[in-house]
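S.K.: Could you have a look at this structure, given as structure tokens, before my questions?
The values are calculated or read from the model by the stated rules, or taken from the named source; none is laboratory data. Remember, predicted model here, so these are calculated numbers, not experimental data. A quick note on method: Cβ atoms are made from the backbone with ideal geometry, for glycine too, and the neighbour counts reach across all protein chains shown.
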Amino acid sequence: MKNVPEIRLKGFDREWVKNIMENLIKINSGCDYKQLQNGPIPVYGTGGYMLSVDKALSYKEDAIGIGRKGTIDHPYILFAPFWTVDTLFYSIPKENFDINFLYDIFQNIDWKSLDESTGVPSLSKVNINNIEVSIPHDIKEQQTIGVFFQNLDNLLAEQKNKLENLQKVKKSMLCKMFPKEGQKVPEIRFKGYEEDWEEKKLGDMGHTFTGLSGKNKSDFGHGKGRYITYMNVFSNPIASLNQIENIEIDNSQCKVKYGDVFFTTSSETPEEVGISSVWLRELDNVYLNSFCFGYRLLVHADPYFMAYYLRSSYFRRRITFLAQGISRFNISKNKVMEIEIFLPPTEEQQLIGNYFKSLDELIKSNQDALENIKHFKQSCLQKMFV
């Protein structure tokens, strides 16, 4: 059977040859940088760029960085000039070997299987040098494959940047489209709305209810009822149908309704206490998990507006202030009900709610696109190498 990959780029048909990494790269160890002065040369560690100094370990030759200790499974290309810390190896390709192609090989190696430590993950030069790989006989094929994956990486970086920008827009708008501390109107409003928002206590607008109680481990994972998980509430402004799990129907428990709001009751940090989510489904026999409490509005408010208002910077600061604990933080639902919020007219609520709903849909679309590119790249890494 010929030693060739499953998928091959057009124009190449020669068999690939086996070799060991020692013949392809020269592995160098990084060094301490603390004796150096500030300068234009970037210093890299296992997590990427750290700072800049006045000297370089490599002035002209690009290399591939791979962690010696700690993070050992995230290689990346180092563009000369650069300095690396002592926990990062830098591998310079030998003559007639393309760096982009070798970087693709590095990405295709199961580095964790080469971990030599029982504590902090670590690699050795010996183990890396002895890795056997197959490479094209023709450097032009190496270069063509290298360019193919370089273009994929550029596409990934572009998509990631686009997603991060959208997330920054959302974070900014959560600050600017809801009133700040001491204000009755937000910084940014839709045209045609000028009146002050109406101040109301949450407790005057609705009442709380508890999640599941009196259950043990054997009660979960089966039955025709379903419950909304803690992570569903924590992760989503609008609770997801994909993060509910099975439980037996129990008519003694409180069932959730369309428009109900859920709050997490405890977390390891005060910033993650009281995270909220809104339920927008019409389903029977659905309950809330025992690590959250519910809030049911008795007055009309746009559910999408509420979903994003309760995750705005103003409301999150009020919640964080109420968190109590040392190693684990908790929040009282009675204290939450004392928080005052500001409500605009119904039409303005709907405009704000729809804006953030559309923004989240755009973010989700870009997240899906990013994941699709990642999966495509991983598939190509598996099928375009022997």
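S.K.: Restricting the first residue to region 287-306 and requiring it to be closer than 21 Å to Met177 by Cβ and in contact (Cβ under 8 Å) with a residue 40 or more places away in the chain, which pairs with a second residue that is charged (D, E, K, R) and in a helix (DSSP H, G or I) meet a Cβ separation below 8 Å and a spacing of at least six or different chains?
M.R.: Partner pairs satisfying both residue conditions: Tyr304/Lys357.
S.K.: Further, regarding this structure: Go through Tyr103, Tyr59, Tyr90 for me and flag whichever is assigned by TED's automatic domain parsing to the domain that holds Gly30 and surrounded by fewer than 17 Cβ atoms within 10 Å (Cβ to Cβ).
M.R.: Tyr59
S.K.: Being exposed (fewer than 15 other Cβ atoms within 10 Å of the Cβ) and of a type in the set (Gly, Ala, Ser) is the filter here, so list the residues in region 140-196 that pass it.
M.R.: If the condition is that a residue be exposed (fewer than 15 other Cβ atoms within 10 Å of the Cβ) and of a type in the set (Gly, Ala, Ser), then Ala157, Ser172, Gly182, Gly192 are the ones that fit.
S.K.: Just give me the residues in region 134-184 being assigned to a loop (DSSP other than H, G, I, E, B), closer than 30 Å to Ile341 by Cβ and touching a residue at least 24 places away in the same chain (Cβ under 8 Å), in sequence order.
M.R.: Once the filter is applied, which keeps residues that are assigned to a loop (DSSP other than H, G, I, E, B), closer than 30 Å to Ile341 by Cβ and touching a residue at least 24 places away in the same chain (Cβ under 8 Å), region 134-184 yields Met177, Phe178, Pro179, Lys180, Glu181, Lys184.
S.K.: Which of the residues spanning region 12-30 are over 21 Å from Thr84 (Cα atoms) and surrounded by 14 or more Cβ atoms within 10 Å (Cβ to Cβ)?
M.R.: Phe12, Trp16, Asn19
S.K.: As an exercise: evaluate Gly274 against (1) within 24 Å of the chain's Cα centre (by Cα); (2) within 26 Å of Tyr193 (Cα to Cα) and give the number of the one condition it does not meet.
M.R.: (2)
S.K.: Follow-up question, since we're still on this one. Would you mention how many residues in region 106-120 are among the hydrophobic types (A, V, I, L, M, F, W, C) and surrounded by fewer than 20 Cβ atoms within 10 Å (Cβ to Cβ)?
M.R.: So the answer is 3.
S.K.: Might you check whether a residue that is in a loop (DSSP other than H, G, I, E, B), surrounded by 18 or more Cβ atoms within 10 Å (Cβ to Cβ) and of a type outside the set (Asp, Glu) occurs anywhere in region 121-130?
M.R.: yes
S.K.: Next question. List, please: which pairs have Cβ atoms under 6 Å, are six or more places apart or on different chains, and start with a residue in region 203-219 that is at pLDDT 90 or above and end with one that is loosely packed, with under 14 Cβ neighbours inside 10 Å?
M.R.: Final answer for the pair search is Met205/Val299; Gly206/Leu298.
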